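Notes follow the structure.
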Amino acid sequence: MIVQRLVFYTYNLLLSVLGLLYLPWFLVKLLVDSDGRQRRLERLALGCSTSGDIDVLLHGVSVGEVKAIRGLVDQMQRDYPDLKLAISTTTATGYQTAKSIYPDLDVLVYPLDMFGTCSRFLNVVSPGLVVLAELELWPNFLRACQARNIDVAVVNGRITQRSLAC
């Protein structure tokens, strides 16, 4: 338990240091790149656009994962038509793909794995279940889900006994 906490705090300390180093570049891109401005703000869980109360949030990191969950999304919509689904993705191309494949669903930008951003994102989206395609497991996001009693499922991923122990 002590080792896990030490790893967690070290991880967050490193993220904070890297965030401070990244901040000047981020601010310049925010001012200069009007096309990516909204996406960058949403990565910080600022300006996240959804009506909230999502039943299931399905996350595909980029184009491949967004396409891979299509069958699952279609099946869920057929079997549970009243279920409110949303798709989240990390990359710009994944976002555009999700918008085109799922025009009737909320498509969101997945937050950076910093405690504040994950908490803000989950407060706005408020999913009952998070489904992660592949093994994009981010510690702060998982902890924020755990703190809110949000179940997390992994589809199309493989976890070994060794990695499960971490």
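The values are calculated or read from the model by the stated rules, or taken from the named source; none is laboratory data. Nothing here was measured: the structure is a model prediction, and the numbers come from that model. Note: ideal-geometry Cβ built from the backbone for every residue, glycine included; neighbour counts use all protein chains shown.
Only a single criterion out of (1) crowded, with 18+ Cβ neighbours inside 10 Å; (2) of a type outside the set (Lys, Arg); (3) touching a helix residue (DSSP H, G or I) at 6+ places or on another chain (Cβ under 8 Å) is not satisfied by residue 47, namely (1).
Here segment 63-90 is the region considered, the condition is being touching a helix residue (DSSP H, G or I) at 6+ places or on another chain (Cβ under 7 Å), surrounded by fewer than 19 Cβ atoms within 10 Å (Cβ to Cβ) and not basic (Lys, Arg), and the residue that is farthest from residue 16 (Cα to Cα) is 83.
Of all the residues in segment 9-23, those that are of a type in the set (A, V, I, L, M, F, W, C) and either touching a Gly at 6+ places or on another chain (Cβ under 8 Å) or in contact (Cβ under 8 Å) with a residue 24 or more places away in the chain (or both) number 1. Within segment 24-42, residues that are closer than 23 Å to residue 123 by Cα have Cβ atoms under 9 Å from residues that are part of a helix (DSSP H, G or I) and of a type in the set (Lys, Arg) in these pairs: 37/29; 40/29, counting only partners at least 6 apart in sequence or on another chain. State whether the residues of segment 112-121 include one that is at pLDDT 90 or above, on the phi < 0 side of the Ramachandran plot and surrounded by fewer than 17 Cβ atoms within 10 Å (Cβ to Cβ). The answer is no, given that none of the residues of segment 112-121 is at pLDDT 90 or above, on the phi < 0 side of the Ramachandran plot and surrounded by fewer than 17 Cβ atoms within 10 Å (Cβ to Cβ). Scanning segment 91-128 for residues that are in contact with a helix residue (DSSP H, G or I) (Cβ under 6 Å, 6 or more places away or on another chain) and part of a strand (DSSP E or B) yields 107, 109. All conditions but one from (1) touching a residue at least 40 places away in the same chain (Cβ under 8 Å); (2) more than 22 Å from residue 139 (Cβ to Cβ); (3) not acidic (Asp, Glu); (4) not in a loop (DSSP other than H, G, I, E, B) apply to residue 50; the one that does not is (4).
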